[in-house]
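Here's the structure we're looking at; comments come further down.
The values are calculated or read from the model by the stated rules, or taken from the named source; none is laboratory data. Just so it is clear, the model here is predicted, and its values are computed rather than measured. Neighbour counts are summed over all protein chains in view; Cβ atoms, including those assigned to glycine, are modelled from backbone coordinates with ideal geometry. Ligands, DNA and RNA are excluded from the accessible area calculation, which covers all protein heavy atoms including side chains. Shrake-Rupley method; radii C 1.70, N 1.55, O 1.52, S 1.80 Å.
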Amino acid sequence: MCCLQRLVDTSPLLQAKLDVHVDAEPLKDSQPERVVQARAIGSEPSAASGEAIHQDILGAATRTTRSILQSVRDRTRRLQRSPVYKILTDTTQPSHAISAIVVSMVLVALWPNLINSQQGGDECKSERLDAEDGRGNPLTQIAYLGSFTIHFGAQIWMTFVSGLALYFSLPRHTFGLIQEVLFPKYFTLGTGLSTISLVSFVELRRSTRPELAGRNLAHWDPVDLLQIAALALTASLELFVRLYLAPPMLRLMHEKHRIEADVSIGQEVGQFDGTDNGYLKRSRHYKTTHKKFRQIHMTTAILNMVSLSCTCVHLLYLATRVNI
C-alpha cells in the first residue's frame, strides 16, 4: 500500500514552490560571493540540469512503434503513387474481385456439405471425432471464440460508444475526419472476423458432431443453419458496406466539408447549423450532395444494425450452450 500511495501521490509536483532567498548584505559585498557560487554550481553536475529525463519501457515501445508505423506509412504512400494502385482504386472491378475471393473462400470451406447428398449420418466415419471429448481442434476454437468476441466488442464500441461520444464532443468536421479513418478499418476488420467465425464454426460443428461431416448442408439442424445464415449475412453486409458504400460516402463527405468550410459552417458540436444558411439553401449542388450523403449514411447505419443483430443472434446461441 505504501508503494502504491507513493506512486499515485502527485501533490508534491503540483504544489511545489520555488524557494527564494533574499540576501540582506549589500549588493557590492555579495556580488563576488554569488559569482563564486555560480561557478561552483556550474562546475558540478546538477540534479535538475544534468540528469536526463526519465525514460521507461512504455516510452521506448511508443517510439519504436512510431518508427515502424512511419516506415509502413512511407511504403504505403509510395504504393499509392504507383499506377497499379490507381487502377485498383479508381475502378469498381477490384471490389468485385475481392467479393468473389471472399465468397470463394467460404464456398471452399462449405463445399463438402454442399455437394454431398447424404441425409443421414449413422454410417459416417467415427474417427473424425476429436480425441478431446469431441471439442474440436484447440486452434480452431481459439480462432472461433477470438474472432467472434473481438467482432462483437468492436461493433458495440463503434456503434454505441465511440461514434456517439465523438459526435457530441468534437466539431462536426473534425468528427467526420476521424470517421474517415475509422470506417474503412472497422468494416474491413468486421468482414475478416465474421468470415473467420463462419468458417471455424462450421469446422467445429463437423468435429463435435462427426455425422454432419458427410451430411448435406440442407439436412443440418435448423439451429445450426440459422447460425450459419447469421454469420454469413454479417460478413456479406460488412463486405458490401466496405467496398460499395464507404468509398462514395467518404467522397461525398469531403465535398460537403469543402462547401461548408467556404461559408464558415462545420465547427458546431453535436448538431448541423447549415439548414438556415442562405448560400447552402440556394446551392443546388450542395443540396444534392447532402441528400445523397444522408441516403448512403442512413443505409450504412441500417446495415450496421442488421449486422449487429445477426451477431446478437449468434451470441444468444453461445449463451444457451456455454457451461461453466
R294 neighbourhood, Cβ < 15 Å, K/R = +1, D/E = -1, net charge +4
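Please state the relative contact order of region 176-324 as a whole percent: Cα pairs under 8 Å, 6+ residues apart? Before the final figure, lay out each step's value.
Details: 94 pairs, mean separation 44.8, N = 149.
Once divided by the residue count of region 176-324, the mean separation gives 30 percent.
Give me the count of lysine pairs in region 135-323 whose alpha carbons sit under 13 angstrom apart, restricted to pairs 8 or more positions apart or on different chains.
Numbers: K256/K287; K256/K291; K256/K292; K281/K291.
For region 135-323, qualifying lysine pairs total 4.
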In whole percent, the fraction of accessible protein surface over region 228-318 that belongs to carbon or sulfur atoms, probe radius 1.4 Å, stands at 61 percent
Carbon/sulfur accessible area of region 141-211, % of total, 1.4 Å probe, equals 78 percent
In nanometres, the difference between 0.36 nm per residue of separation and the alpha-carbon distance of S71 and D262 is 65.2 nm
For region 246-324, the per residue accessible area (1.4 Å probe, Å²) is 62 Å²
For A319 and T208, extending 7 Å from Cα along the Cα-Cβ vector and measuring point to point gives, in nm, a value of 1.7 nm
